[in-house]
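Notes follow the structure.
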Amino acid sequence: MDNKKYTIEKNKKYFEKFAKIPASKKIIFVPQCLRNIKKCKAKELGSYYLCVECGGCKIAKIVKMAKENGFMGLRILKGGSIVKKMVKELNPGAILGVACYFEGTQGIKICEKNKIPVYFYPLSKDGCEDTDVDLDNLTKLIKF
Ligand code: SF4
């Protein structure tokens with residue numbers, strides 16, 4: 001099964017469980033390729049970054065929405081495999097993961113092993129840098 005089909009199936013499987021977890025126990029993971037690397041002032045903390053909301057990319061808007069809706073927080077990950085480390089550190093109740101299909105598949109597999117409901121939201125433009133995400137549907141998911 002290709003990564004896109006895999007993520008669609010897993011989203012169907014876990015959406016109900018994901019939706020039942022309160023926002024305060026949900027964390028958002030986004031990929032580092034969404035950052036505006038020319039302007040980014042995010043704090044680098046080993047395998048992830050913390051956005052300081054400089055406004056240089058869409059992550060600042062996602063952080064703002066996460067705060068307004070009472071989420072645990074947001075981490076900018078350096079790769080899907082880091083989800084394992086983050087799960088150990090943060091022990092979230094559910095994960096909303098933004099990524100490309102490849103990284104998303106890796107992340108979902110880690111969540112399944114750790115029995116954490118996950119909802120995957122694909123990038124609208126992927127790549128190694130200057131990627132993009134559609135904020136309209138992501139906003140609906142965060143406010144859900
Ligand atoms: S909004 Fe956050 S992630 Fe985006 S460029 Fe600024 S500090 Fe970096």
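Each stretch of four or more DSSP H residues adds -39500 (n - 2.57); spread over every residue of the chain, this sum gives -12500 deg cm²/dmol at 222 nm. A rounded overall shape is assigned to the chain, the ratio a/c of its alpha-carbon gyration tensor axes (a ≥ b ≥ c) being less than 1.5.
Between Asp134 and Met1, the modelled label-to-label distance comes to 2.2 nm, taking each label 7 Å out from Cα in the direction of the beta carbon.
The Cα center of the stretch 87-114 and the Cα center of the stretch 14-58 differ in position by 13 Å.
No value in this document is a laboratory result; all are computed from the given coordinates. The structure displayed is predicted, hence computed values, not measured ones. When we count neighbours, we look across all protein chains shown, and the Cβ atoms used for this are built from the backbone with ideal geometry, even at glycine.
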